[in-house]
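To keep things clear, I will list the structure first and then write my remarks on it.
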There are 2 protein chains.
Amino acid sequence: MSENQTQSFIINRAATSKIENIDFENLPFGSVFTDHMLYCDYKSGEWGTPVIKPYEPLTMDPSSRVFHYGQAIFEGMKAYKDENDDVWLFRPDQNLTRFNKSAVRLAMPEIPEEVFIEGLKQLINIDKAWVKKGKGNSLYLRPFMIATGHGVIAAPSGQYRFMIILSPSKAYYQGDVKVLIAEHYSRAANGGIGAAKAAANYSAQFYPTLLANKQGYQQVIWTDDATHTKLEEAGTMNIFFRINDTLYTAPTSERILDGVTRKSIIDLAKRENITVEVRPVLVDEIIEASKNGSLKEIFGAGTAAVINPITGFSYQDTYYELPRQDNPMALDLKNKLTDIQYKLAEDTFGWTIKI
Amino acid sequence: MSENQTQSFIINRAATSKIENIDFENLPFGSVFTDHMLYCDYKSGEWGTPVIKPYEPLTMDPSSRVFHYGQAIFEGMKAYKDENDDVWLFRPDQNLTRFNKSAVRLAMPEIPEEVFIEGLKQLINIDKAWVKKGKGNSLYLRPFMIATGHGVIAAPSGQYRFMIILSPSKAYYQGDVKVLIAEHYSRAANGGIGAAKAAANYSAQFYPTLLANKQGYQQVIWTDDATHTKLEEAGTMNIFFRINDTLYTAPTSERILDGVTRKSIIDLAKRENITVEVRPVLVDEIIEASKNGSLKEIFGAGTAAVINPITGFSYQDTYYELPRQDNPMALDLKNKLTDIQYKLAEDTFGWTIKI
């Protein structure tokens, strides 16, 4: 292990790489990690020096606040390698902005841009060999922050750790996705933390999703908790509905995550002269559109899968199958977006950042 | 360290105790821990052998699910020492039942009674010297469970750790508590996890509570997220309102924790021939009762403070001061309940369990 300091980062490189032991053709999502990780500790009201070091376990006191009071937030991002072996990030500024919004809502400290963006660049650069070429291949990036202060008292922690870990991934394909529209359970409250990318929101979803799985549905479409009449998110993704040739998606709110893929899809669709209406989408109108044949597609949008087409949905014990499309809008938008990400098409938006 | 096995527990005792270094007259709540801890790991669908060993840090992979998807639940309990040096638990069966309800809602495995109850008894017995005599002194017990499986994929973990840590505590006195009735923020959704004692629920409360603190209020009274017209919890406690000589408290629901202190107060009040009405309590009726002088007391009920009297509340920028009582019902109920816990009064309910 050699130690040196550049640009206020402490960097300890691993003596050897484990990359030769990895089967890159056979990567279960999010379970293999690269040689290095980044961490940066916050205490006494300030962030310390970011450290890049070999990936290794953390030492945590059993009374660490994250275990008891759930202060934990994260981002999901990807790095892509183009044909010239250059590595690119996709709209990292959007992830930083959202991360810091999540931090404020969870009473955690905001992370400086220098640590988040420059940290990502430095870390990915060191583990650049783990970013494989070819469409579908990517390096999944997981910045996160946890409360590390000690003590079982229900109050914000005084100490935090920001980390970045990296996981090589293949194209994420879930197969046919049938979804269940939530009639009882929900993921977010008005005035709650649904707009934050908080660990807490995910733990709330697992049980209702397991119940849906048992009925043969892969995901739940979440509805507003007060009336269950508005369609808000699909599993851990934002959701789009195509009625005739118009795309509909719910506006972001306190209950809905401001997804980077979501907003990119909206911009991309508009550029392609597709009409996009951002407004509350009601269960009733989707049922009606399904019955009269105007409902053409439903898809989820998120970083891991980019776009995930939904094949049908269930509501009040009735299953509504979506028609097969010869040229689905979901696939077209997915290709156009990933072409930008992989530098196979011109990035007219300025979304891609070279490392 | 000596090792032996009793009743299927593996017990490794600490070679020395740190108890001599502890200032028991000066204990910040929840920050000093005893010599030993208990853990029990779940994998491949079953719980392993519980282990009692010296209190020490955990080794956690950075991709541990609890850091990313928030599967974490806990209980708060206390052990009390009577004048004969016997140590008592208060209604531990209720905590076990609630812990397992929380586990189900968070898609975590239920813990066997043998591990939870017998684990508490064995662990407390080993650290019995840490339970100090005298009303107000107690040993705060913190059973909790975290998701320890690796991998950043948003699905329930396959591995979990159940733990118990113990913290000696003095009487918990917060001073005058003024509260702010929530008009925008909320802690729980319909169909959400508000009834679970989940870490996730606490992280959602910190930011709105900090905003209230800045306005001079110590806690927030949470209202229902859809209409903000129903009074549901106070900070991390259940809430009671005394109008004339009747006590009112909200019914438990998906949004409200089924507090052990709450239900004990209800039973105790009924035994004392106090009328208790368990029904939704509206903001409007409390404002009206304050104005016409019939609102006598408001108090929070929870394990840490037992009963915490509230001196006044704010709603829509108006502050409502509560009248001082010569013989507050809150204090009377608190004394009667703690007398049962410390074995100073007959336990007519069968709530106390000797270790």
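Can you tell me which residue in the stretch B:199-213 is farthest from the other protein chains (Cβ to nearest Cβ), limited to those that are polar (S, T, N, Q) and either surrounded by fewer than 24 Cβ atoms within 10 Å (Cβ to Cβ) or more than 13 Å from the chain's Cα centre (by Cα) (or both)?
Only one residue fits best here, namely B:ASN213.
Would it be correct to say that B:ALA196 is surrounded by 23 or more Cβ atoms within 10 Å (Cβ to Cβ), in a loop (DSSP other than H, G, I, E, B), within 16 Å of the chain's Cα centre (by Cα) and not charged (D, E, K, R)?
yes
Looking at the stretch A:152-209 only, could you name the residues that are charged (D, E, K, R) and under 25 Å from B:MET145 (Cα atoms)?
Residues satisfying the conditions are A:ARG161, A:ARG187, A:LYS197.
Restricting to the stretch A:129-155, count the residues that are of a type in the set (Gly, Ala, Ser), over 19 Å from A:TYR172 (Cβ atoms) and part of a strand (DSSP E or B).
Summing the residues that are of a type in the set (Gly, Ala, Ser), over 19 Å from A:TYR172 (Cβ atoms) and part of a strand (DSSP E or B) in the stretch A:129-155 gives 1.
Anything in the stretch A:94-116 that is assigned to a helix (DSSP H, G or I) and more than 14 Å from chain B (Cβ to nearest Cβ)? List them, or say none.
A:GLN94, A:ASN95, A:LEU96, A:THR97, A:ARG98, A:GLU113, A:GLU114, A:VAL115, A:PHE116 - these are the residues of the stretch A:94-116 that are assigned to a helix (DSSP H, G or I) and more than 14 Å from chain B (Cβ to nearest Cβ).
Spot the failing condition for B:TYR160; the list is (1) facing chain A (nearest Cβ under 10 Å); (2) more than 28 Å from B:TRP222 (Cα to Cα), and only one is missed.
(1)
When you go through A:TYR202, A:TYR185 one by one, which is the residue that is in a loop (DSSP other than H, G, I, E, B) and aromatic (Phe, Trp, Tyr)?
Step by step, each of A:TYR202, A:TYR185 is checked, and only A:TYR185 is in a loop (DSSP other than H, G, I, E, B) and aromatic (Phe, Trp, Tyr).
Taking only the stretch A:233-260 into account, find how many residues are out of contact with any Ser or Thr (no Cβ under 6 Å at 6 or more places or on another chain) and buried (at least 18 other Cβ atoms within 10 Å of the Cβ).
19
How many residues are under 14 Å from the mean Cα position of the chain (by Cα), more than 9 Å from every other protein chain (Cβ to nearest Cβ) and of a type in the set (D, E, K, R) when one looks only at the stretch A:135-144?
So the answer is 0.
For B:ALA147, indicate whether it is within 13 Å of chain A (Cβ to nearest Cβ) and crowded, with 22+ Cβ neighbours inside 10 Å.
On the way: within 13 Å of chain A (Cβ to nearest Cβ): yes; crowded, with 22+ Cβ neighbours inside 10 Å: yes.
Judged against the criteria, B:ALA147 is a match.
Return the total of residues in the stretch B:10-49 being surrounded by fewer than 17 Cβ atoms within 10 Å (Cβ to Cβ), within 14 Å of chain A (Cβ to nearest Cβ), among the charged types (D, E, K, R) and assigned to a loop (DSSP other than H, G, I, E, B).
Residues flagged as surrounded by fewer than 17 Cβ atoms within 10 Å (Cβ to Cβ), within 14 Å of chain A (Cβ to nearest Cβ), among the charged types (D, E, K, R) and assigned to a loop (DSSP other than H, G, I, E, B) within the stretch B:10-49 amount to 0.
So, in the stretch A:208-237, exactly how many residues are of a type outside the set (Val, Ile, Thr) and over 19 Å from B:ASP225 (Cβ atoms)?
13
Grab the strands (runs of 3 or more DSSP E) fully contained in the stretch A:290-355, keeping just those with 2 or more residues being out of contact with any Lys or Arg (no Cβ under 6 Å at 6 or more places or on another chain) and free of Cβ contacts under 8 Å to residues at least 40 places away in the same chain.
Passing ranges, in order: A:318-321.
Are any residues in the stretch B:54-70 within 7 Å of chain A (Cβ to nearest Cβ), outside any loop (DSSP other than H, G, I, E, B) and farther than 14 Å from A:TYR202 by Cα, and if so, which ones?
Answer for the stretch B:54-70, where residues must be within 7 Å of chain A (Cβ to nearest Cβ), outside any loop (DSSP other than H, G, I, E, B) and farther than 14 Å from A:TYR202 by Cα: B:LEU58, B:THR59, B:MET60.
For the list (1) within 14 Å of the chain's Cα centre (by Cα); (2) in a loop (DSSP other than H, G, I, E, B); (3) buried (at least 22 other Cβ atoms within 10 Å of the Cβ); (4) not acidic (Asp, Glu), I need the number of the one condition that B:LEU166 fails.
Every listed condition holds for B:LEU166 apart from (2).
Here are B:ILE286, B:ILE265: which of them is assigned to a helix (DSSP H, G or I), within 27 Å of B:ARG105 (Cβ to Cβ), out of contact with any Gly (no Cβ under 6 Å at 6 or more places or on another chain) and outside the structural domain of B:SER102 (by TED's automatic domain parsing)? Explain how you work it out, then say what you get.
Numbers: B:ILE286 fails: within 27 Å of B:ARG105 (Cβ to Cβ).
When all the criteria are applied, what remains is B:ILE265.
With the requirement that a residue be charged (D, E, K, R) and assigned to a loop (DSSP other than H, G, I, E, B), what does the stretch B:213-261 give you?
B:ASP224, B:ASP225, B:ASP245, B:GLU254, B:ARG255, B:ASP258 - these are the residues of the stretch B:213-261 that are charged (D, E, K, R) and assigned to a loop (DSSP other than H, G, I, E, B).
The values are calculated or read from the model by the stated rules, or taken from the named source; none is laboratory data. Everything numeric here is computed off the predicted structure, so don't read it as measured data. Cβ atoms come from the backbone with ideal geometry, glycine included; neighbour counts cover every protein chain shown.
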